[in-house]
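Okay, structure first, notes after.
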Amino acid sequence: MAPADQTAMSALLTSSTDTALCLIPPKHLWEPVDRLRSLYDKAYNRWPPHVNLVYPFVQPDCLERAVEAIAQIDYGRELGHSTPFAALTEPDVFAQKNNNTIHLRPRNGKNLETLRRLSNTLQRALGRPEDNNFKPHMTVAQSQDRNSASHLYLVDKVRSIGEISWDVTELAILIRDKDESSTDPTAPRLMKLWGRVSLNPVQINRLPIPEMMYSQNEEAQSSALLRPAPQTSYRFCSSEDKWVSYSCSTTSTSEQSTLDRLIVASYNVLGEFEWPPNQDRYPNIVENLISERGRADIIALQEVTDHFLQFLLADERIRSQYPFSTHGPPDQLDIGPLPNHLNIVILSKFEFQWNNLLLSRKHKGSPILTFPSVRESDSELGNSQALPLIFAACHLSHGLVDGAVASKKNELQRILNYLTNTYQSHPWIIAGDFNIPTSSYTIETARQRRFISSQSYHYLRDFTFKLTESGLQDSWIASRIQSGESSTQSWRLEPTANELFEGEEGATFDPQSNSLAAKLVGSGMNNRPQRYDRILVNSHFRLRPSLFNMFGLPSTQVQADEQIDAGASDHWGVRCLFQAPSQEEKSQENAREKAMDVKLERGPSSLGGLEDLKRCLQKHQFLPTQANVTERQHAINLLQTALQCQAVGQDLPDDGKGPQLTLVPVGSFGLGVWTESSDVDVLCIGGISSKLFFKLAISRLRKAEPSGITILRRVRASSGTMLLLDICGIKFDLHYCGSLSILEQFPEIMKRPPTDPAFALPPQTLSKLKPVRDLFYIRRSIPDMSQYRAAHLLIKAWAKSRGLYGAKFGLLGGINIAVTLVPVCKALVEKVGSVSVADIVVSYFHHYAQFDWKTQVVFDPFFHKNLTYRRSSTEPLCLLGWHPPVLNTALNASMPTVKTIQAEISRSCELLSSPNITWDKFLDSFMGPSSLGESDLDPGAADFLEAFKVYARLDISYWGSSSRKRNDFIGWLESRCVMLLVEVGRKAPGFTARIWPQRFVDGGAIKASSSEETSDYNGCYLLGIERESRDHSEGALQATLAQFEERIRGDARHFDANTSWMAATLVKCTELGDLQLDKSLFLEDNGGAADDDISSDDEESDEDEEIVDADGVAKLPIRQQPQHGLGLSTAKLRTAVDVMNRLRWDSNMDSDDYIVGYEDRFTGPCEKSLEMWKTDQTDEEFIPQHRILYFKRRSDNEVVWERRTRIDKIFGSGASGQPEFGDE
């Protein structure tokens, strides 16, 4: 060999990684491989998909000679006179120094041998030895741990690519060259195409300059991030029985529709991380998706894996409900695997076009869908042309460290920026798993442990507020504050403010009730409920959030006909119904803003957060301890067992052992705003009559006395019968509502609107249902119950400390606090998205300090959208509740009490505005030093005893032997105090009175008054008297007190001069003596009374007698035979209802000739024509029947029925002896 030839051959033997001789498939085959390579191959963008034949190849300056050498090969002879064929079908792995290379290779056999022969032929031409172990392959990905589940999943993805095959007609020569667009000198150089060698015929095709294999250099990639490339969409083709790709033009105007309603859902289905994947959950997830509560028009799924998607898209019900999808089944040969292990997949009833917006990392993306057939046009928004709906789905980065929080922030901002810049005037929906922790406990703990910085902390706490600032509306909040969140999970009744922390209401990831979530997070700060999943809309979306629910809940929390396993996913799915508002609803929105114009007043930082408020409430004994919770839960369980009834949400038994009953805690306990001293109100719902229930209940409760249940008393009032119970030292008020239709549909019926025909019930039934209907609505509609409970308890503590808590005196009660607080909570959240409990409390006092109580009505405008309530002149305070029959919850209020409430609210508003105010200072500010010396008085009461120069003192004495009569007398006197307040303002206009809603006793009499050994009692009520004008003397005031005293003493039914005494006098402040608050609870004592302690004047209409045997089993009633003729009646007085019905419907009587005498709450005895008397409890002029005093005939002025004297000339009952009008 000549020296020159030897030198040339030596140069070809010197290899270099700067060049490569390889096979490159046609570009149309690149996509399925590059879909994975772009995410998992670190050489992506530097190398095209390729199979190296000779690598390392030769030095770059020897490329010309090397190509000339391989051009001399007779490829036909070497390869058997046939075109080589490359078929890469098998996934395989080989280990490298730092990782594992996952690749596709030919199957062992002819194809492998052909490629190996081609490689050896090329090696010989270069003067190199043959390599009989040559393994042709196409690199797809790298992994770290060959034994890890992630590696095995990746191998499975590569397998799903299927076969990559093509005819080998040319060889490619690549050369490593600098990327001219890169400014980084250390950046890896790209492999560019130097030239090609055609095999048949052999021909060298060198390029003038090396050509980039990808057009996307760094600059192009950056541009692509701003302009995502269109992705392939799929639809199910029933004729071919498979999913096929389709194209959808966003400019097409065919088949466009303006929707009046749209249902959108989002569901994190929980991807599998173990190999092989466990598919046991898949059927449950599918059942959730096609269930009545989960079905939607568009649904975004997160954490979708290849195995789950192929299972999902094979289901015929899914194909029918959602014919369009962003991805096809990975097991379908012409589709291939999903790009990531965890993916976002969107299913839809409507066709769409979509792009994938890359986020902070290559594995993070946000599908952006355009629905050309779903367009929005609203002239009010200034759109002259209908614009298609834009739908964005997200699954933000997880984690609670600064880096993770920064990633979430950047990813969300990236989505918002893209939508704003590209689709500014379009309607948007953004749905998905935002992975933003919402629990204040979790966020606070992360900051305390220094997992996150102060900046990250404030971003997380203000996240919802920032969404609102960006013009986005959270559909959960928007629908919840109006119609209420309708998930069955909302029926759970937490009994205390300690149950939840801020931000945990509406949690979609709840380790406390979801076993999969609990397994994932374990214990610690992450073991708290979080509202990760959201559905957001922008202001251009014409449809409004109407109904919202979660789905995928455990079977114990769903309807009986949807028993779904609890192990479907670690998240609950979320779903929202959007509806087009009518013109009337738009008007209602404007009216609501005017009706409840609550302005946000930020709470000072010195107040602290929810936990600071809880500590303050605990200190002042207004927050129950865990022991208190356990005691009451135990007592409720005892009551349920004794009555043989079910708790809320439990299935009703049909065992034939007795009537079906459901027990529901209501009142302060049901709402979770109770204190250690609170009674527990419970409502039993059943399908039997009230009379039978109480006979049955008394029988069963007596049998349960050994377990700690004692019947204290049975009380009958205009609202019906109730039992006062003592269960293990805790006072219970047991109420009953008899309605079989409500029982059979409870609690689901509570979701229905108030106008639903199911609530077309008698007024008495509606009255009994009102507490539970109000409770369920409040629980479903308050945005954050933990905030609400804490705020409610603080206002309650404030009201008690200032002598404002006492609804029977016309002051505030629990329901009044709820009525005033609920609209404030809702209005603030609607305006700003999220607020702190300090913001709520401060805004509450600021709002009502400026409120015009004389002319304005307090109501929930999110509930009462068409309020037509007309305020009467006898309603100085109008606080409207939610459900009928009676709306105004402040009927006992008077002008003096309204003035007192307003003054105290204004004073507290100023206090909350003072520098460095804290919760403790707020409550303790009413507890300053008293000049009364070492007094056991509560500070507020001590302040009251010093606030006035003159007091009206109502002294009470009782020395009879019956503690029941003592209780009745004092309770009745309390109910008259409201009238005294009114009379002072009316008859002594120069004076204003303020009552303290508790009794006072002499210091030395406290022990005796609270003793169980005696029924004797001496105490007093005090009214502080303030002179408003010097033009009026005390004479009118003294006369008013004298008239009140005379009226009390003259009531023979309630006042017995032989056992009781009462006096109303004016005393100076210095003459009050040593007074202490009477803290005895004797009014709740049984006083020897049991179920037979009932007045014969009860206003409930008589029912058939029910007989209960010793075992508590109801027997058939024994009906009395009707009596005819004019014989004497029994001693029982017929009710006012019976008399009224007789006068109205008896043809022998002229109803126009009769007058009804009744007692007005404020003005005393009044008269009204019988024809003008309203019996419908929903009527604004309705007067309860128990206030009727007499019926009088107009023509001769004769009283024909009177309660006090027991005269009845209509039926002959009571003391009359014979009816005036013959046979009844």
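The values are calculated or read from the model by the stated rules, or taken from the named source; none is laboratory data. Bear in mind that the values here come from a model prediction, so they are computed numbers and not experimental data. All Cβ positions, even for glycine, are placed from backbone atoms using ideal geometry, and neighbour counts span all protein chains on display.
Sub-6 Å Cβ pairs linking a first residue in region 186-209 that is over 14 Å from Trp47 (Cβ atoms) to a second residue that is of a type in the set (Phe, Trp, Tyr), at least 6 apart or interchain, are Leu199/Tyr75, ordered by first then second residue. All conditions but one from (1) within 31 Å of the chain's Cα centre (by Cα); (2) under 14 Å from Val345 (Cβ atoms) apply to Gly328; the one that does not is (1). Going through (1) part of a strand (DSSP E or B); (2) under 21 Å from Tyr44 (Cβ atoms); (3) hydroxyl-bearing (Ser, Thr, Tyr) one by one, Tyr153 falls short only on (1).
Considering every residue within region 848-869, establish whether at least one is surrounded by 19 or more Cβ atoms within 10 Å (Cβ to Cβ) and assigned to a helix (DSSP H, G or I). Yes, the conditions are met somewhere in region 848-869. I'd like the full set of residues that are within 44 Å of the chain's Cα centre (by Cα) and among the charged types (D, E, K, R), limited to region 134-148. Asp145, the sole residue that qualifies. One residue alone among Gly1164, Gly1125 is more than 30 Å from Leu887 (Cα to Cα) and modelled with pLDDT under 85, and that residue is Gly1125.
The criterion of being closer than 19 Å to Phe776 by Cα and touching an Asp or Glu at 6+ places or on another chain (Cβ under 9 Å) does not hold for His847.
Report, by residue number, each residue of region 78-112 that is over 15 Å from Ile161 (Cα atoms) and polar (S, T, N, Q). Matches in region 78-112: Ser82, Thr83, Gln96, Asn98, Asn99, Asn100, Thr101, Asn108, Asn111. When you look at Leu174, is it at pLDDT 90 or above and buried (at least 19 other Cβ atoms within 10 Å of the Cβ), yes or no? Answer is yes for this residue. Screening Pro659, Pro653 for residues that are exposed (fewer than 14 other Cβ atoms within 10 Å of the Cβ) and at pLDDT below 90 leaves exactly one candidate, Pro653.
Does at least one position in region 199-211 carry a residue that is under 60 Å from the mean Cα position of the chain (by Cα), at pLDDT 90 or above and either surrounded by 13 or more Cβ atoms within 10 Å (Cβ to Cβ) or not assigned by TED's automatic domain parsing to the domain that holds Ala69 (or both)? No, region 199-211 has no match at all.
Which one is nearest to Arg375 (Cα to Cα) among residues in region 263-295 that are touching a Leu at 6+ places or on another chain (Cβ under 6 Å) and modelled with pLDDT of 95 or more? Ranking the qualifying residues of region 263-295, first place goes to Ile263. For region 352-364, a residue qualifies if it is modelled with pLDDT of 95 or more and not in a strand (DSSP E or B), and exactly one does: Phe352.
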